[in-house]
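Take a look at the structure set out below.
The values are calculated or read from the model by the stated rules, or taken from the named source; none is laboratory data. Keep in mind it's a predicted model, so treat the numbers as computed, not measured. Reconstructed Cβ throughout: ideal geometry from the backbone, glycine too, with neighbour counts over all protein chains shown.
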Amino acid sequence: MAQVGLNHFLFVSAILFSLGILGIVTRKNAVMVLMGIELILNAANINFVAFTKYGNFGLQGQLIALFVIVLAAAEAAVALAIVLNIYKTFSTVNVDEIDTLKE
Amino acid sequence: MSIYDLIFYLFAAVTIISAYFVVTVRNIVRSAFFLLFTFFGVTGLYVLLGADFVAIVQLIVYIGGILILLLFGVMLTSKITSVQIKTGTWQVVPAAIGVGLFAGILAFTLFHTNWKTGENQIPDFTLAGLGTMLMQEYIIVFELLGMILLIALIGAATLARK
């Protein structure tokens, strides 16, 4: 419970990253895998913003965090469109049951 | 312990506990709502780090956009009327062991690295600095991101309406 510094933020980010990986690896539903990816992107963003405050780089870290948010939005849109198509074709979104490239 | 530290521990706890529930709760809609609290906690951390504009963008884009999109994905791909909404898990114990090891290594590394820290003077309002940087040295990245968003929009629309 020391004075909050860079390490505290990095530690929160590391735990968030690990939980995101756990979600990706263990969940069967494709939408849940996407949620795990969002957790990981958030963890990376916390790092960028934390180093903006505690490192000496100007505002570049925050700018890159903004870029990451934009890319996450684009990724979520495309990935959900793909998930909808998979659901139409296979009637399931469980990634362990989708094992053919053709119908 | 100052009030800053207290608020940090509050938001960190909200973030980590709700993220834990996101990956463990079996009902996928509940999981999506816990993701809301995770994003909210991360927003609080951004505010504590002096990133006001990033925090607002996080609120608008993540909570207002991506989360709604994910909820739509959940609603459109699972049968709400039946009990299909529960989602299975796969190899939880080995994955938890592996991820725990990974988190341990990560934490060990970050606590034993001698980070070059110096309190950076962040302006009270970061918007002006960010805008200037976007319009000057990062103009190409900015335009490319606009193109990527347009392409992703068109791609998602054509993929989904097939």
Original post:
When you go through (1) closer than 21 Å to A:A14 by Cβ; (2) facing chain A (nearest Cβ under 7 Å); (3) under 12 Å from the mean Cα position of the chain (by Cα) one by one for B:F37, which number turns out not to apply?
Top reply: (2)
Original post:
Is there a residue in segment B:49-56 that is closer than 29 Å to A:N94 by Cβ and not in a loop (DSSP other than H, G, I, E, B)?
Top reply: no
**OP:** For segment A:67-80, state whether one or more residues are surrounded by fewer than 19 Cβ atoms within 10 Å (Cβ to Cβ), part of a loop (DSSP other than H, G, I, E, B) and either more than 7 Å from every other protein chain (Cβ to nearest Cβ) or β-branched (V, I, T) (or both).
**Re:** no
Original post:
Quick one: is B:L130 in contact (Cβ under 8 Å) with a residue 60 or more places away in the chain, under 18 Å from B:V57 (Cα atoms) and not β-branched (V, I, T)?
Top reply: yes
**OP:** Looking only at segment B:41-61, decide whether some residue is within 23 Å of A:T26 (Cα to Cα) and out of contact with any Ser or Thr (no Cβ under 8 Å at 6 or more places or on another chain).
**Re:** no
Subject >> Verdict on B:A51 being in contact (Cβ under 8 Å) with a residue 60 or more places away in the chain and crowded, with 22+ Cβ neighbours inside 10 Å >> reply: yes
Original post:
What residue, among those in segment B:114-131 that are modelled with pLDDT of 85 or more and more than 9 Å from chain A (Cβ to nearest Cβ), is nearest to the chain's Cα centre (by Cα)?
Top reply: B:L127
Subject >> Criterion (surrounded by fewer than 17 Cβ atoms within 10 Å (Cβ to Cβ), among the aliphatic types (A, V, I, L, M) and more than 7 Å from chain B (Cβ to nearest Cβ)) met by exactly one of A:I40, A:I64, A:I98 >> reply: A:I98
**OP:** Kindly indicate whether B:V23 is surrounded by 14 or more Cβ atoms within 10 Å (Cβ to Cβ), modelled with pLDDT under 90 and within 24 Å of A:F9 (Cα to Cα).
**Re:** yes
Original post:
So how many residues does segment B:85-127 have that are farther than 30 Å from A:D96 by Cα, β-branched (V, I, T) and in contact (Cβ under 8 Å) with a residue 60 or more places away in the chain?
Top reply: 2
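Based on this model, can you work out whether A:F51 counts as in contact with a helix residue (DSSP H, G or I) (Cβ under 7 Å, 6 or more places away or on another chain), at the interface with chain B (Cβ under 7 Å from one of its Cβ atoms) and assigned to a helix (DSSP H, G or I)?
no
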Subject >> Qualifying residues in segment B:1-34 (those that are within 7 Å of another protein chain (Cβ to nearest Cβ), over 25 Å from A:G5 (Cα atoms) and not small (G, A, S)) - the one farthest from the chain's Cα centre (by Cα) >> reply: B:I28
**OP:** Please enumerate the residues belonging to segment A:4-20 that are surrounded by fewer than 21 Cβ atoms within 10 Å (Cβ to Cβ) and at the interface with chain B (Cβ under 7 Å from one of its Cβ atoms).
**Re:** A:V4, A:L6, A:N7, A:H8, A:F11, A:I15
